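Visitor: Below are the C-alpha cells for one structure; questions will follow.
Coordinate-derived values only; no laboratory data. Everything quoted here is computed from the prediction, not taken from an experiment. Backbone-built Cβ (ideal geometry, glycine too); neighbour counts: all protein chains shown.
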Amino acid sequence: MQRYFIAPERFEAASVTITGDDAHHLVRVMRAKAGDQVIVSDGISREALVKLREPEKDRVEADIVEMLPLDREPEVEVWIAQSLPKGDKMELVIQKGTEIGAGRFIPFVSERTVVQLDAKKEGKRIERWQKIAKEAAEQAHRNRVPAVEAPLSWKQLLQLAGQADAAWICYEKENGLQLRQQIQEALSKGKAIRIDSAAQGEAPATDGPEASAKPQTESGGDRIRLLLIIGPEGGFTEQEVANAEAAGCRSVSLGRRILRTETAAMVGLTCILYESGEMGG
C-alpha cells in the first residue's frame with residue numbers, strides 16, 4: 001500500500017490533506033480515485049490508514065479510517081556520519097541507510113575528502129538528499145524520515161560526537177577493537193541505565209529542552225544514540241583518528257577486508273541493528 005509523509009499541520013482530527021509532489025504522484029502516477037486507501041504519517045507521532053475523497057489536480061483530501069501503531073522504528077538511533085564521497089555515492093548512502101534504519105545522516109569534510117563544497121549549490125544538494133530520504137522512508141514503510149544535516153567540518157563533527165551515547169570511528173588500520181564487541185558493550189550499558197531509571201521511577205521528559213535532546217521510541221523509552229563515523233575514499237589520517245579518540249570516540253574495525261566508503265556505512269549500520277535485535281530475529 002502506498003505511504004506518504006505529510007506536514008503535521010495537514011493532519012487533522014478526522015481527515016488529512018495531501019499536497020505538492022505527493023498529490024501529483026497520487027493523481028498522475030498512481031491514478032488514484034475516490035475510495036482508494038493509502039497510509040499517511042506526520043513523521044512524528046501520528047500515522048493513519050485513510051480513504052481518499054475525489055482527488056483534485058494538486059490536492060487530495062482523505063478521511064481517516066483508523067490510526068495505526070508506530071512500531072517500525074529501531075529501538076536504537078544510529079547516526080551515520082559520512083565523509084563526503086565522490087559522485088552520487090552520498091545519495092546511495094542516504095537511500096540504502098534509510099531503508100536499513102538509520103536515524104540521522106551527518107555529512108562532513110575530513111582531510112582526505114575530495115569533494116569541494118560549493119556554497120551556492122549546497123542548499124539544492126541538501127534538499128535533494130532530504131527528498132531521497134523521504135522517498136526511501138516511504139518505500140521502507142518507516143514511521144519517520146531520518147534527518148539529513150548540512151555538511152560539517154571535522155572539528156564540528158567531533159563536537160557533535162559528545163551528544164551520542166557511544167561514538168565509533170571506522171579505521172582500516174585498527175587491529176584491536178572490533179565493532180561487534182563495542183556494540184554489545186554500548187547496548188548492555190544502555191539497557192542497564194534504562195533498568196536503573198525505571199527502578200527509580202524516572203519518567204522520560206515529555207516537553208522542554210530535555211525532551212528534544214533525548215530521542216524517544218514509540219513505546220516511550222529513551223533511545224540509545226550511536227554515532228558511526230565513516231571516512232572518505234582515502235581513509236582517515238592517523239592524526240584524525242587520534243583527534244577522534246581524544247573527543248571520546250573509539251576506533252573500531254569492520255573486519256579484515258577493505259570496504260568502499262559507501263559500503264562501510266551500510267555494513268556498520270546493519271551490524272548495529274543486527275546486534276540490537278532489529279534484524280535477523
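Visitor: Bin width 10 Å, origin at 0, all Cα-Cα pairs of the range 1-131: what percent of pairs per bin?
Guide: 11, 33, 28, 21, 7, 1
Visitor: What shape does the range 3-67 have by the C-alpha gyration tensor, where a ≥ b ≥ c are the square roots of the eigenvalues, rounded means a/c under 1.5, and otherwise prolate means a/b greater than b/c and oblate the rest?
Guide: prolate
Visitor: Follow-up. Here are some pairs, Lys155/Lys189; Lys51/Lys131; Lys131/Lys173; Lys89/Lys189; Lys86/Lys155; Lys57/Lys134; which of them have Cα atoms lying more than 32 Å apart in this structure?
Guide: Long pairs (Cα-Cα over 32 Å): Lys131/Lys173; Lys89/Lys189.
Visitor: Note the full-extension length gain between Ala150 and Met67 as 0.36 nm times their separation in residues minus their Cα-Cα distance, in nm to one decimal.
Guide: Contour length minus Cα-Cα distance gives 26.5 nm.
Visitor: Still on this model: Candidates [x] 173; [y] 155; [z] 200; which is the computed volume of the Cα convex hull per residue in Å³?
Guide: [y]
Visitor: When the Karplus curve 6.51 cos²θ - 1.76 cosθ + 1.60 is applied with θ = phi - 60°, which whole-Hz ³J(HN,Hα) does each residue of the range 5-16 get, with x for Gly and Pro?
Guide: Per residue, the Karplus-derived 3J(HN,Hα) values read 9, 10, 5, x, 5, 8, 9, 9, 4, 10, 8, 9 Hz.
Visitor: Can you find, among Leu68, Val145, Met266, the residue sitting farthest towards the positive end of the charge dipole of the chain, where Lys and Arg contribute +1 and Asp and Glu -1 at Cβ?
Guide: Result: Met266, furthest along the dipole toward the positive end.
Visitor: For the chain, find the longest principal axis of its Cα atoms and tell me its angle to the long axis of helix 179-199, 0 to 90°, nearest 10.
Guide: Helix 179-199 sits at roughly 60 degrees to that axis.
Visitor: I'd like the orientation of helix 261-275 relative to the chain: the angle between its Cα long axis and the longest Cα principal axis, in ° from 0 to 90, rounded to 10.
Guide: 80
Visitor: Please arrange Tyr4, Tyr171, Tyr274 by how many other C-beta atoms lie within 10 Å of their C-beta, fewest to most.
Guide: The order, fewest Cβ neighbours first, is Tyr274, Tyr4, Tyr171.
Visitor: Suppose each label sits 7 Å from its Cα in the direction of the beta carbon; what would the Leu49-Lys131 distance come out to in nanometres?
Guide: Reported label-point gap for Leu49 and Lys131 is 3.2 nm.
Visitor: I would also like to ask the following. Working out 0.36 nm times the residue gap between Glu245 and Asp58, then minus their Cα-Cα distance, what length gain in nm do you get to one decimal?
Guide: Additional length available on full extension: 62.2 nm.
Visitor: Could I ask something else about it? Which order do peptides 226-238, 135-147, 151-163 fall in by mean Cβ count within 10 Å, highest first?
Guide: In descending order of packing, they fall as 226-238, 135-147, 151-163.
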